[in-house]
There are 4 protein chains.
Amino acid sequence: MKIGIINVTGYAGIELARILHRHPEADVVSVTGRSAAGEELGDALPHLARLGMTIEPEITKSVDVVFSALPQVASAEACVPFVRAGVKVIDISADFRLHDPAVYAEWYGVEHPAPDLLATSVYGLTELDRAGIAAASLVANPGCYPTAALLALAPVVSEGLVSERVIVDAKTGVSGAGRGLSMGTHFSEVNENVFAYGVDGHRHLPEITQELRRMRAGFEPSVLFQPHLIPMTRGILDTVYADLTDGAFASVEAAKAGVRDLYASFYADAPFVHVVGAPPQTKQTWGNNDCLIHPTVDTRTGRLVVFAVLDNLVKGAAGQAVQNMNLMFGLPESTGLEQLAIYP
Amino acid sequence: MKIGIINVTGYAGIELARILHRHPEADVVSVTGRSAAGEELGDALPHLARLGMTIEPEITKSVDVVFSALPQVASAEACVPFVRAGVKVIDISADFRLHDPAVYAEWYGVEHPAPDLLATSVYGLTELDRAGIAAASLVANPGCYPTAALLALAPVVSEGLVSERVIVDAKTGVSGAGRGLSMGTHFSEVNENVFAYGVDGHRHLPEITQELRRMRAGFEPSVLFQPHLIPMTRGILDTVYADLTDGAFASVEAAKAGVRDLYASFYADAPFVHVVGAPPQTKQTWGNNDCLIHPTVDTRTGRLVVFAVLDNLVKGAAGQAVQNMNLMFGLPESTGLEQLAIYP
Amino acid sequence: MKIGIINVTGYAGIELARILHRHPEADVVSVTGRSAAGEELGDALPHLARLGMTIEPEITKSVDVVFSALPQVASAEACVPFVRAGVKVIDISADFRLHDPAVYAEWYGVEHPAPDLLATSVYGLTELDRAGIAAASLVANPGCYPTAALLALAPVVSEGLVSERVIVDAKTGVSGAGRGLSMGTHFSEVNENVFAYGVDGHRHLPEITQELRRMRAGFEPSVLFQPHLIPMTRGILDTVYADLTDGAFASVEAAKAGVRDLYASFYADAPFVHVVGAPPQTKQTWGNNDCLIHPTVDTRTGRLVVFAVLDNLVKGAAGQAVQNMNLMFGLPESTGLEQLAIYP
Amino acid sequence: MKIGIINVTGYAGIELARILHRHPEADVVSVTGRSAAGEELGDALPHLARLGMTIEPEITKSVDVVFSALPQVASAEACVPFVRAGVKVIDISADFRLHDPAVYAEWYGVEHPAPDLLATSVYGLTELDRAGIAAASLVANPGCYPTAALLALAPVVSEGLVSERVIVDAKTGVSGAGRGLSMGTHFSEVNENVFAYGVDGHRHLPEITQELRRMRAGFEPSVLFQPHLIPMTRGILDTVYADLTDGAFASVEAAKAGVRDLYASFYADAPFVHVVGAPPQTKQTWGNNDCLIHPTVDTRTGRLVVFAVLDNLVKGAAGQAVQNMNLMFGLPESTGLEQLAIYP
């Protein structure tokens, strides 16, 4: 496939370039950048010098698929012409994730520039909608937090085993905030520090809610989503708390075993989702496309607790985008994504 | 006061030495160490060379108060003789926190060596029991997690405003695990990593439960306490989730304002607990004795969320111990603890 | 003393506020900020809320001494009026360090706004010019790198024991770059990374050269100064390499012992410079005013190697500024600077 | 090729497993571990679960090549039987690097168990001895520091352009110290800290000296090698200082351009050594096999300064080992090593 990457100089774009470099069917033919147009890619980003490309102001070559790694709003504007022209598009921004234009306007503060496309775009959480993604021409790649939260909740929500009041306490590395400068990503402010943010509502909440609703008819989730910034570059850990529905299991011990079996079965065919027997560590997914999940039940309170980890730039962004591309082009889902985690 | 420090070579002991060095009424006359007995303190710990002391195998001088910074079990053994001899003791370990010997045995796996003292020891969370501490001869200094969790919950629990099912999602730096070597504190394993631990029950849970019960007659807490290790040296952030009791407030907005006022009022006279208007950062307490608390209500779900941060080695250990010492000797609570946070 | 701090919102200014808060003779009466004028100090910087001050656009109160924590050029402009008015000034910026206006213009790219003051300002490396500082009305506080390098070299240069070709390989934490945003201080770019910078000449070089010349008549230093950025917030380690002059010592072993004795003797009366028997660690000076030095001779090559560490924001900036203030007002040098290092 | 890995549970072994997993010609058939023999590899190291292997006490299968990732001394003992049996061996430890048994005994404190093999082993710094490695049956993989230092010096030493007195000031991440526990790798001690170590001589010095001697007849190096530990997991930066020989270049500017051209030419055919135009960053090689080098001349002192970075576990260990294996089996040098750096 001939591939274009819009905004290769952001972190998701850099990661796309890295992953696609080892993809046997991928040929990146054109890359753009917001700030460094005209520069050699290897001058702007020395570790990508081997690609031998120039950063262009726009995609100039004929391509089979375009990845956009622009921020929201800018991304929709860049993607729409390609969608209209019949080129497959995978948008890593949030612009095509919310199907309701009113919800988009509420959370992003602008009217959506192409509301008709919200109806046809497919939410690209690979494991939960392989058929939809395979058939899509416009895939909205999920946010990093929602990927972890939805994979952590899908088995129990779709089986009707948890109540609608759910808490997602999320911890993320700093790269999720991107390459733009801010006091909140300044080294001396972030290092040796941890704090909550987004207490009045984080933009990943509506996509979590939207997708949970799709999992089970009549399920009307009430999600408290609280992210925290921690001093590391990559990685997300979502700790999910929920009440099991009354009578779902005969005992707490039965529940503990039951949810483990349910998750193992639910993800038995997923090459990148692994149900593990102990709390997973983000380092176990550093640089690769895995999501590790550990579901358990707190024996003292009977509450369900699910831990899910992933690399926010891989399974939470560029890796899942490539996984989706594979499906869209009829390739095995894991093509080009064989990289194991870099440890330590 | 003439002071002895048992196990000055652990992190809590090091911190005691540092804080007491600037305490105008304190005179540290004897320090012991488990591993370095006989060495000059300045050889084992160059930054303490200025104290000009020798690490002794036992407290050899007459003292007015002894701090123990030993791990549990060993600490009880070291403290008991001083208590029996009428010397005031502040134990930073967990050995005298749980008043029920059966609960101690359940969580620590050994019979308590001096169960009679469990009845007379005072749980030293300064802000919640100043009178008790002032009158005590044996103070059990609280754990770092419980200090944050209990300060975060005290106003609403004592007023009967929250239900009994509470979640404490805690994030801690690595120094809380002490100076003992383990794979879980090995730099290359912990750096760029985050993970949950203690999923089957952490030893700080029973003291949280015990002290919550004391806050309000009939309150029978059901606490889910889940700690996580994050890649920094110092600092704890407890994120506490609870349901407000039905009808406690007229509306979500009223609740949001109401809890803020309640907390501000509750801690109006506490020199080290500050109710702040935004999520606090652990860095804002780095190296000092403050606990910053931000209570709020999630407007979408109506749930109470309280964020509390502190330095696990100061307010979570050595600083609170000195705060308690001040009360025990009739000094102003903040004597010697004027140090502002080191930022950044 | 009544004190004004210009630009309290930068890292050096924050540190001044922290240190002076515990100084028994200091009364900070007015603070200014470049960005947050009009705000409460506690809103801009919650950990300083206890000071109860408002950030002003200019120093509004009568003061005995002004500290400037502005960047160069801006600092000179702010300081000059106070100097002209007879108020003692301690400038933490580089503006009054270089006595030759031509050298200033060469390195800072602008003409100095008050070249006459360059003749009267005193370079404030406390241990090397106590008398000069005590008599000064305008003290130019040294840079963080030069403080470590000059303390590391003073004993051997003043005794004529080393050749003029010196290498200073410096490693610094990120806070030395200040609070201004840049890609080079963006967390995700700096974390898990190390690199050299300033290869074409760093602005701290001319002050190192200027001050080395003053140490010994006829000594004409040829210094290669190479800084490196490392992923931590605070701390500087200067590793200094030099050749011993021929015949200075009878043997390599004699040299090793000889330099140790020389340094110990040279700094015998310095309360903040400690000659230690092993390579010092920056953590041993975290948050305090010490400089630890370990001089040795490499037995295989016969070369002198000196390691010097300090906290770039304390002995490398605000702490040394307070140390100088003490001398200027006839106080003991260490007043208010008793804080031990925070470890770990 | 059928491959055995001895000690897959150390960091170099883990890295070998990761790299070989994507090597198109490699088939890892047996892995051993010192501590976890009998365990499933995925239990000991969850991110390697995909390999589906069991950790064995010894290599049990017939193999074409064995990698040893054991520490020195233990490694020689494990490798010798394979060498005697005619199996190709790549030893990542230091055991076969030094050709002189007396030097080995001096630095490692034991007699070498197979001194005859020191004569036939080949020092595996790929770029400097491709023919020798291709023909070898026992390759001694270089240390991480020497790889960077020797690549940084080879062009100028072999051309006779520098004097024999060389300084290598090295900065390393913590993973170079391996997975064994020690106070010097304890998170709270290392984080926010930098310090020198090995001041009385580091074991990588003799291999640097040995290999520099081979570069030019009569060159008798006098190397001052000083390593420093910095708070990151991976990466090495060697800063090399040397005097250019008199008259080597017409001017400092000519020298600056001349060394750049020399290095570019020297490494023109090396797929993993890149001569870059600015000081390289370790992050630019994170997780891949590159070594980036920036040679320059300090215009003020005329001294040569060379910066070289690499990932100590890849080009400094497992990656170079695979690069050597490729040569030994007639494969293109970069087979299986196409991974770009993970950035950020």
Fill in the blank from the handout: Only one of D:Ala308, D:Ala278 is small (Gly, Ala, Ser), within 17 Å of the chain's Cα centre (by Cα) and either facing chain C (nearest Cβ under 10 Å) or within 19 Å of D:Tyr145 (Cβ to Cβ) (or both), namely D:Ala308
Practice task
Could you tell me whether D:Arg179 is charged (D, E, K, R), free of Cβ contacts under 8 Å to residues at least 12 places away in the same chain and farther than 15 Å from C:Pro279 by Cα?
Solution key: no
Completion exercise
Exception for C:Leu51 within (1) under 19 Å from C:Leu313 (Cβ atoms); (2) crowded, with 24+ Cβ neighbours inside 10 Å falls at (2)
Handout entry: Set B:Ala217, B:Ala177, B:Ala131, B:Ala140: member being surrounded by fewer than 23 Cβ atoms within 10 Å (Cβ to Cβ) and not assigned by TED's automatic domain parsing to the domain that holds B:Asp298
Key = B:Ala131
Handout entry: Unmet requirement for C:Arg303, which otherwise passes all of (1) within 14 Å of chain D (Cβ to nearest Cβ); (2) over 23 Å from C:Leu229 (Cβ atoms); (3) touching a helix residue (DSSP H, G or I) at 6+ places or on another chain (Cβ under 9 Å); (4) of a type in the set (D, E, K, R)
Key = (3)
Completion exercise
When region C:14-28 is checked residue by residue, the ones that are within 11 Å of another protein chain (Cβ to nearest Cβ), touching a strand residue (DSSP E or B) at 6+ places or on another chain (Cβ under 9 Å) and surrounded by 24 or more Cβ atoms within 10 Å (Cβ to Cβ) are C:Ala17
Practice task
State whether one or more residues within region A:28-42 are under 15 Å from A:Lys88 (Cβ atoms), in contact with a Ser or Thr (Cβ under 9 Å, 6 or more places away or on another chain) and of a type in the set (D, E, K, R).
Solution key: no
Practice task
For region A:204-215, indicate whether the set of residues that are among the β-branched types (Val, Ile, Thr), within 20 Å of the chain's Cα centre (by Cα), closer than 30 Å to B:Ala278 by Cα and part of a loop (DSSP other than H, G, I, E, B) is non-empty.
Solution key: no
Exercise for the section: Taking D:Val156 as the residue in question, decide whether it is in a strand (DSSP E or B), away from chain B (no Cβ under 14 Å) and in contact (Cβ under 8 Å) with a residue 60 or more places away in the chain. Expected result: no
Problem - Selection count, region B:175-198, where residues are more than 15 Å from the chain's Cα centre (by Cα) and assigned to a helix (DSSP H, G or I) - result: 7
Practice task
Go through D:Val31, D:Val8 for me and flag whichever is in a loop (DSSP other than H, G, I, E, B), modelled with pLDDT of 95 or more and either crowded, with 17+ Cβ neighbours inside 10 Å or of a type in the set (A, V, I, L, M, F, W, C) (or both).
Solution key: D:Val8
Practice task
Among residues belonging to region B:323-344 that are within 14 Å of another protein chain (Cβ to nearest Cβ) and among the aliphatic types (A, V, I, L, M), point out the one that is nearest to B:Phe96 (Cα to Cα).
Solution key: B:Leu337
Problem - Hey, B:Ala102 surrounded by 18 or more Cβ atoms within 10 Å (Cβ to Cβ), among the aliphatic types (A, V, I, L, M) and outside the structural domain of B:Gly198 (by TED's automatic domain parsing) or not - result: no
Problem - Selection status of A:Ala76, small (Gly, Ala, Ser) and in contact with a Phe, Trp or Tyr (Cβ under 9 Å, 6 or more places away or on another chain) - result: yes
Completion exercise
Going through (1) in contact (Cβ under 8 Å) with a residue 60 or more places away in the chain; (2) in contact with a Pro (Cβ under 6 Å, 6 or more places away or on another chain) one by one, D:Gly10 fails only at (2)
Fill in the blank from the handout: Of the candidates A:Ile59, A:Ile90, the one satisfying the condition of being outside the structural domain of A:Val166 (by TED's automatic domain parsing), buried (at least 24 other Cβ atoms within 10 Å of the Cβ) and either hydroxyl-bearing (Ser, Thr, Tyr) or not in a helix (DSSP H, G or I) (or both) is A:Ile90
Practice task
Test D:Arg260 against the stated conditions and say whether it is touching a Gly at 6+ places or on another chain (Cβ under 6 Å) and charged (D, E, K, R).
Solution key: no
Exercise for the section: With the condition kept exactly as written, say whether any residue in region A:223-236 is farther than 26 Å from D:Pro46 by Cα, more than 11 Å from every other protein chain (Cβ to nearest Cβ), at pLDDT 95 or above and in contact with a strand residue (DSSP E or B) (Cβ under 8 Å, 6 or more places away or on another chain). Expected result: no
Handout entry: Residue within region B:105-117 that is in contact with a strand residue (DSSP E or B) (Cβ under 9 Å, 6 or more places away or on another chain) and crowded, with 17+ Cβ neighbours inside 10 Å present
Key = yes
Exercise for the section: Scan region A:239-251 and give yes if some residue there is modelled with pLDDT under 95 and either within 12 Å of another protein chain (Cβ to nearest Cβ) or touching a Gly at 6+ places or on another chain (Cβ under 7 Å) (or both), otherwise no. Expected result: no
Fill in the blank from the handout: Exactly one of A:Gly218, A:Gly201 is assigned to a loop (DSSP other than H, G, I, E, B), out of contact with any strand residue (DSSP E or B) (no Cβ under 6 Å at 6 or more places or on another chain) and within 9 Å of another protein chain (Cβ to nearest Cβ), and that one is A:Gly201
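The values are calculated or read from the model by the stated rules, or taken from the named source; none is laboratory data. The structure presented is a predicted model; accordingly, all values stated were derived computationally and were not measured. Every residue, glycine among them, receives a Cβ derived from its backbone with ideal geometry; neighbour counts consider all protein chains shown.
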